[in-house]
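Working notes, structure below.
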Amino acid sequence: MSDLVMLSLDLPASHRYLNVLGACIAEMLQRIGDHPPSENQIYELQLAAQEVSTNIVKHAYVGREGRIHVHLSYDSAIQQFGIIFTDTGDEFNSYDEPPHELVASEQGGMGLFLIKALVDEMHYQRVNETNIWRIAKKLN
Amino acid sequence: MIDIRISERVIRYYVVELGGRLDAFNAPELRQQFQMLLADGANQVILDLQRVEFMDSAALAALISLLKQARQGAGEVQMIPPRSEAARRILSLTKFDQVFPIIATVDEAVKTR
């Protein structure tokens, strides 16, 4: 039987408040009992989440206000932390396969590259006028 | 009569100390500060990131932009990396530690020129 911990946030789609998401991720991970993650793992999840939500702010709600719903979950049976981001903004059209290697001089594509490098799973889909991003990382 | 010419060369270094969280929210202000620095004539910059706790791609892009502009003016931007191991790892992942000359102290920057 898995011990699934879930937490949800509803944030304004604004760069100003994305730090709240990072703080929630860190606090939640620090309360995982048996196998607390390392500082590096916490940072990597915070950064991946920051990059996904920055993409949403930048692309989904250009010139208008919007919300980002974030669902955090930790499954202790498989020691996996998952984050699902949903928004009702414009479809994300720049979802090309991120580069496998990044030359530091490339400014574009760095966000997607980082997400892919920092987590084990990354998926995007558009369902009924809703964008859904899902990232997951094993913490074992 | 000896043939001798004596001239003074002064290299001015600008040390930019950054700390805390650098992200998409404050990256525009960071870029603006860098533009002001370059407009002041700075082209030898030392970025001291020891107190930086978190950087995202928007912040990294601002750093790269500073480097490119400084080098276009025949200058250089050297970097003292963050104390945070996690933040340093991101610089390695993005190969920023290969693009920026990495130094341990401000004194080291002066000695290597």
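The values are calculated or read from the model by the stated rules, or taken from the named source; none is laboratory data. The shown structure was predicted, so the numbers you read here are calculated from the model rather than taken from an experiment. Cβ: placed from backbone, ideal geometry, glycine included. Neighbour counts: every protein chain shown. Surface accessibility is based on the protein's heavy atoms, side chains included, excluding ligands, DNA and RNA. Shrake-Rupley method; radii C 1.70, N 1.55, O 1.52, S 1.80 Å.
With B:74, B:86, B:104, B:109 as the choices, which residue is away from chain A (no Cβ under 11 Å) and open to solvent by less than 30 Å² (accessible area, probe 1.4 Å)? Result of the check over B:74, B:86, B:104, B:109: B:109.
Every condition in (1) of a type in the set (Gly, Ala, Ser); (2) within 13 Å of chain A (Cβ to nearest Cβ); (3) in a helix (DSSP H, G or I) holds for residue B:24 except the one numbered (3).
Is there a residue being within 24 Å of residue B:29 (Cβ to Cβ) and at pLDDT 90 or above anywhere in segment A:83-105? Taking every residue of segment A:83-105 in turn, none turns out to be within 24 Å of residue B:29 (Cβ to Cβ) and at pLDDT 90 or above. Residues that are touching a Ser or Thr at 6+ places or on another chain (Cβ under 9 Å) and more than 22 Å from residue A:47 (Cα to Cα) occur in segment B:58-75; there is at least one. Only one residue in B:93, B:47, B:63 is surrounded by 21 or more Cβ atoms within 10 Å (Cβ to Cβ) and within 13 Å of another protein chain (Cβ to nearest Cβ), so which one is that? Selected residue: B:63, the only one of B:93, B:47, B:63 that is surrounded by 21 or more Cβ atoms within 10 Å (Cβ to Cβ) and within 13 Å of another protein chain (Cβ to nearest Cβ). Can you tell me which of (1) farther than 20 Å from residue B:92 by Cβ; (2) among the hydroxyl-bearing types (Ser, Thr, Tyr); (3) modelled with pLDDT of 90 or more is the one residue A:43 doesn't meet? For residue A:43, the failing item is (1). What do you reckon, is residue B:29 surrounded by fewer than 13 Cβ atoms within 10 Å (Cβ to Cβ) and either out of contact with any Asp or Glu (no Cβ under 7 Å at 6 or more places or on another chain) or without any contact (Cβ under 8 Å) to a residue 40 or more places away in the chain (or both)? When the stated conditions are applied, residue B:29 passes them.
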